[in-house]
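Coordinate-derived values only; no laboratory data. This is a predicted model, so every value here is computed, not measured. As a convention, Cβ positions derive from the backbone with ideal geometry for all residues, glycine included, and neighbour counts pool all protein chains shown.
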Amino acid sequence: MRQKAYSLVEILIVIAVFAVLSIVSTMVIQTVLKNANKTQSQINVRENLGYVMSVIERQLQLSKGITVCPIIDPYKVDFTSETGVAASFVCENIGLTDPQVASYSGVTTPATKYRLTSSSVIIDYCNFSCTHTLGQRDLVKFSISGHQLNNFEAEGATVVMQTEILLRNYSKY
């Protein structure tokens, strides 16, 4: 009676098939995890930039007016708050270490600073512009872009946002 057994070639073929399957499945898992990291990074940056935009929109809409329009410095907008206090939004250190968007307000010197962006978000671009028409409400345009700090290039994606803010109060100039 003859016993059935597997030959060495058959065993090697089975091992090779399992090796190929494990390599392919590892690559698929890596791709899925990388895409999940990229998506989470974009969500974090979008939430942070959205918060910055909402604060700026709300404060400028309720303000008594822009101090200087058209804006001379595209990284800064000076305004008078609804309570009559001098305030400003500033894009600081763009292109340098620790780029951020900050709010300054108060009657004391130096004014009180509030950082609006998270330290985990790098601001790549930030710009204010203002359109002034006599007898009309001022229009402020704000653009910002950023990406997640300490991300691999493949995982990180830049988020770009912009808005136009029509001030509530009419210009008196």
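How far apart, in nm, are two points set 7 Å out from the Cα along the Cα-to-Cβ line at SER54 and at MET27?
The answer from the label model is 4.3 nm.
Hey, rough spin-label estimate for VAL17 and THR67, points 7 angstrom out along Cα→Cβ, what's it come to in nanometres?
7.6
Specify the angular offset, from 0 to 90 degrees and rounded to the nearest 10, of the alpha carbon long axis of helix 8-62 from the longest principal axis of the alpha carbons in the chain.
Taking Cα atoms only, the helix is inclined about 10 degrees.
Tell me the mean residue ellipticity at 222 nm calculated for the chain from its helices only (DSSP H runs of n ≥ 4, each -39500 (n - 2.57), averaged over every residue, nearest 500).
My calculation for the chain gives -12000 deg cm²/dmol from helical runs alone.
Quick one: which residues, 5+ away or cross-chain, put their amide H under 5 Å from the amide H of CYS69? H built at 1.01 Å from N.
So CYS69 has HN proximity to no qualifying residue.
In vacuo Debye scattering of the chain, one point per C-alpha: log10 I(q)/I(0) at q = 0.12, 0.13, 0.14, 0.19 Å⁻¹?
Log-scaled intensity ratios, in q order: -0.65, -0.72, -0.79, -1.17.
Could you tell me which of THR133, THR117, ILE13 has its Cα farthest along the dipole of the chain towards the positive end, charges placed at Cβ (Lys, Arg +1; Asp, Glu -1), taken about the Cα centre?
Of the candidates, ILE13 comes out farthest on the positive side.
Full-extension gain between THR131 and ALA157, please, as 0.36 nm times their residue separation minus the C-alpha to C-alpha distance.
6.2 nm
Using a cut-off of under 20 Å, list every residue of segment 17-51 whose amide N is near the label point 7 Å from the Cα of TYR6 along the Cα-to-beta-carbon line.
In segment 17-51, the label zone of TYR6 (backbone N under 20 Å from the point 7 Å along Cα→Cβ) covers 17-24.
If you put +1 on each Lys and Arg Cβ and -1 on each Asp and Glu Cβ, how big is the dipole of the chain around its Cα centre, in Debye rounded to 20?
380
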